[in-house]
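Scroll down for the structure; my scribbles are underneath it.
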């Protein structure tokens, strides 16, 4: 199955083509742009398709990060994913930003990302990648206390 993955939840704007049968990334494009996701996303989708050497009709599923993260960035990514999925007649699936970050980590993990204003979004994941706790937001100090408690 060929999956178009879109991530616009943070300051980055990325697109990648993944072949789930072969477990390989076929092509990827993007950059840490800060703002302007709406203006640049389709450029990165086109570049990822070109790098993969495939055309849009080869896509079997569209995946998109759904947060936590930048509200505007998430809206851009979800709208693009939904539009592409409808046009191609394929499913669109949302993926938690925290779960996406945990996917490449071996063993149990605690994932945290900057929520601004001296806070972080965080979530624990089991060794198999399943969520061990619901996602949460906490002050940096409270999150640090959780991490320190884990180390004891």
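Among the listed residues 107, 69, which satisfies the condition of being over 18 Å from the mean Cα position of the chain (by Cα), more than 13 Å from residue 3 (Cβ to Cβ) and outside any helix (DSSP H, G or I)?
Details: 69 fails: over 18 Å from the mean Cα position of the chain (by Cα).
Answer to the selection: 107.
Given the residues 63, 138, 127, 112, which is the only one that is outside any helix (DSSP H, G or I), without any contact (Cβ under 8 Å) to a residue 24 or more places away in the chain and in contact with a strand residue (DSSP E or B) (Cβ under 7 Å, 6 or more places away or on another chain)?
Numbers: 63 fails: without any contact (Cβ under 8 Å) to a residue 24 or more places away in the chain; 127 fails: in contact with a strand residue (DSSP E or B) (Cβ under 7 Å, 6 or more places away or on another chain); 112 fails: without any contact (Cβ under 8 Å) to a residue 24 or more places away in the chain.
Result of the check over 63, 138, 127, 112: 138.
Of (1) crowded, with 19+ Cβ neighbours inside 10 Å; (2) assigned to a strand (DSSP E or B), residue 80 satisfies all except one. Which?
(2)
List the number of the failed condition for residue 63; all other conditions in (1) at pLDDT below 95; (2) crowded, with 17+ Cβ neighbours inside 10 Å hold.
Exception for residue 63: condition (1).
Pairs, please: C-beta under 7 Å, at least 6 apart or cross-chain, first residue outside the structural domain of residue 112 (by TED's automatic domain parsing) and in the range 1-28, second part of a strand (DSSP E or B) and at pLDDT below 95?
none
The values are calculated or read from the model by the stated rules, or taken from the named source; none is laboratory data. These figures come from a predicted structure and were not determined experimentally. Neighbour counts run over all protein chains shown; Cβ positions are idealised from the backbone, glycine included.
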